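Down below is the structure, laid out as structure tokens.
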Amino acid sequence: MQTTQPSIPLNNGMAMPALGLGVFLTPPAQTAGAVSTALRTGYRLIDTAAAYLNERAVGEGIRASGVARDELFITTKLWPGQYGYDEALRGCDASLTRLGLDYLDLYLLHWPVPTDFANTVQAYRAIEKLRADGRIRAIGVCNFLPHHLQRLREETGLVPAVNQIELNPFYTQPETRAMHAQLGIVTQSWAPIGGTYVRNPKAVTNGADTPLKHPLVLQFAEKYGKTPAQIVIRWHLDHGFSAIPKSVRAERIVENWGVFDFSLTLEEITRMDVLDTGVRAGGDPEAFTANSYPTDVNAQ
Ligand SMILES: NC(=O)c1ccc[n+]([C@@H]2O[C@H](COP(=O)([O-])OP(=O)(O)OC[C@H]3O[C@@H](n4cnc5c(N)ncnc54)[C@H](OP(=O)(O)O)[C@@H]3O)[C@@H](O)[C@H]2O)c1
């Protein structure tokens, strides 16, 4: 199996690994183990957030892995409770301290706050300063809809390198992806294998409870001698998306990495594309406020 992973060029000249490990809902006690397992397997991108309350354990996992800092691509996120210029500077500092790092590869605004977009913009301006100061190598956002991206650009003249959005075969966000293509923003998929459908059984699905159980995915898994998760991760990579599947289990972390020795045909990709329900299973960016998921990121 290929162990060097493909990377995706960013609009600032950097390259980002296409596949990474996500750690949302990974309990701190299991986080260092998951991160060091991933890094020893060959992953180089780790995706955490201040709001996941496990940044310290991510730092422990990085140090335990023995992988050199300059080989890594570490992403964390600023929580909307810390938006505003000075608050954002402090939020980044706190994340770096918890991670035990002196710079981040990618720093993301975790959600837009449409009811107070001026504050979202202030946070973005602060992050831009941190980038200019060398504390962050690339800046991005999460969960921005096309009109949020447009407004951010109008107000700052800046285009994020990455927009991390809910994306899997049941929810494919074609309008947001079209805007990414127009502006040169990399699409990074969260819930890439459908974690939202596990967490939210009332979500609208198409033909199965989760993408991993869909007959088409099972059919391709059989054809390629791969697991359903590997088929779905391959669909992301074949589209040119970055994907950050989460697992706390060593065998699944290794399984999710086993995607570099095959690819789907164009026809197979298109057949998976049409599983889109057009309905999100996760949070709605338009309805997001600073109080949507109350999280005291300072209490960690
Ligand atoms: N920016 C945002 O707003 C945002 C929101 C949500 C998530 N994210 C990021 O995206 C990452 C991934 O998204 P996600 O965690 O929501 O969902 P996901 O990666 O699509 O799915 C995770 C779920 O799938 C299970 N799983 C993992 N590998 C599997 C395999 N090979 N076969 C079967 N099941 C498997 C995991 O269980 P086990 O752990 O038990 O294996 C977990 O229940 C997060 O960890 C986080 O870093 C970002």
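The values are calculated or read from the model by the stated rules, or taken from the named source; none is laboratory data. The model shown is predicted, which means the values in this text are computed figures rather than measured ones. Note that we place each Cβ from the backbone using ideal geometry, even for glycine, and neighbour counts take in every protein chain shown.
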Could you please let me know if Asp276 is more than 15 Å from the ligand (Cβ to nearest atom), at pLDDT below 95, of a type in the set (Asp, Glu) and in a loop (DSSP other than H, G, I, E, B)?
no
Contact list, first residue from the range 243-260 and touching a residue at least 24 places away in the same chain (Cβ under 8 Å) and under 14 Å from Gly20 (Cβ atoms), second anywhere and within 6 Å of the ligand (Cβ to nearest atom) and hydrophobic (A, V, I, L, M, F, W, C), beta-carbon distance below 6 Å, six or more apart or interchain, is Pro245/Ile193; Lys246/Phe24; Asn256/Ala229
Can you go through Ala250, Ala243 and tell me which one is near the ligand (Cβ under 10 Å from one of its atoms), surrounded by 14 or more Cβ atoms within 10 Å (Cβ to Cβ) and within 16 Å of the chain's Cα centre (by Cα)?
Ala243
Contact list, first residue from the range 190-203 and within 21 Å of Ser242 (Cα to Cα), second anywhere and in a helix (DSSP H, G or I) and near the ligand (Cβ under 6 Å from one of its atoms), beta-carbon distance below 8 Å, six or more apart or interchain, is Ile193/Leu212; Ile193/Ala229; Ile193/Asn256; Gly194/Leu212
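Just one of Phe262, Phe220 is more than 12 Å from the ligand (Cβ to nearest atom), part of a loop (DSSP other than H, G, I, E, B) and over 27 Å from Phe144 (Cα atoms); which is it?
Working: Phe220 fails: part of a loop (DSSP other than H, G, I, E, B).
Just one listed residue meets the conditions, Phe262.
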Across the range 151-173, which residue is farthest from Thr205 (Cα to Cα) among those that are of a type in the set (S, T, N, Q) and in a loop (DSSP other than H, G, I, E, B)?
Gln173
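Considering only the range 36-57, state which residues are of a type outside the set (D, E, K, R) and over 15 Å from the mean Cα position of the chain (by Cα). Give the derivation first.
Within the range 36-57, the first condition is being of a type outside the set (D, E, K, R), and the residues that meet it are 36-39, 41-43, 45-46, 48-54, 57.
Scanning the range 36-57 gives Ser36, Thr37, Ala38, Leu39, Thr41, Gly42, Leu53, Asn54, Ala57.
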For the list (1) surrounded by fewer than 24 Cβ atoms within 10 Å (Cβ to Cβ); (2) within 19 Å of the chain's Cα centre (by Cα); (3) not aromatic (Phe, Trp, Tyr), I need the number of the one condition that Thr76 fails.
(1)
Considering each residue of the range 1-48, count those that are in contact with a Pro (Cβ under 9 Å, 6 or more places away or on another chain), buried (at least 17 other Cβ atoms within 10 Å of the Cβ) and not polar (S, T, N, Q), and give that number.
11
Could you check, for the range 126-143, whether at least one of its residues is out of contact with any His (no Cβ under 6 Å at 6 or more places or on another chain), closer than 17 Å to Ser292 by Cα and part of a loop (DSSP other than H, G, I, E, B)?
yes
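Kindly indicate which of Thr210, Thr196 is closer than 23 Å to Leu264 by Cα, surrounded by 15 or more Cβ atoms within 10 Å (Cβ to Cβ), touching a Gly at 6+ places or on another chain (Cβ under 9 Å) and not aliphatic (A, V, I, L, M).
Values: Thr196 fails: closer than 23 Å to Leu264 by Cα.
Matching residue, one of Thr210, Thr196: Thr210.
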Checking Arg234 against (1) away from the ligand (no atom under 14 Å from the Cβ); (2) modelled with pLDDT of 95 or more, which test does it fail?
(1)
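Looking at Thr176, Thr196, Thr205, which one is in a loop (DSSP other than H, G, I, E, B) and either at pLDDT 95 or above or more than 11 Å from the ligand (Cβ to nearest atom) (or both)? Please lay out each step first, then the result.
Values: Thr176 fails: in a loop (DSSP other than H, G, I, E, B); Thr196 fails: in a loop (DSSP other than H, G, I, E, B).
Just a single option satisfies the conditions, and that option is Thr205.
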Complete set of residues in the range 18-55 that are within 10 Å of the ligand (Cβ to nearest atom) and assigned to a helix (DSSP H, G or I):
Gln30, Ala34, Ala51, Tyr52
Residues located in the range 82-107, provided they are in contact with an Asp or Glu (Cβ under 8 Å, 6 or more places away or on another chain) and part of a helix (DSSP H, G or I)
Ser95, Leu96, Arg98, Leu99
Those residues of the range 108-120 which are crowded, with 21+ Cβ neighbours inside 10 Å and in a helix (DSSP H, G or I) amount to Thr120
Within the range 197-229, track down each residue that is closer than 14 Å to Asp276 by Cβ and within 19 Å of the chain's Cα centre (by Cα).
Tyr197, Pro211
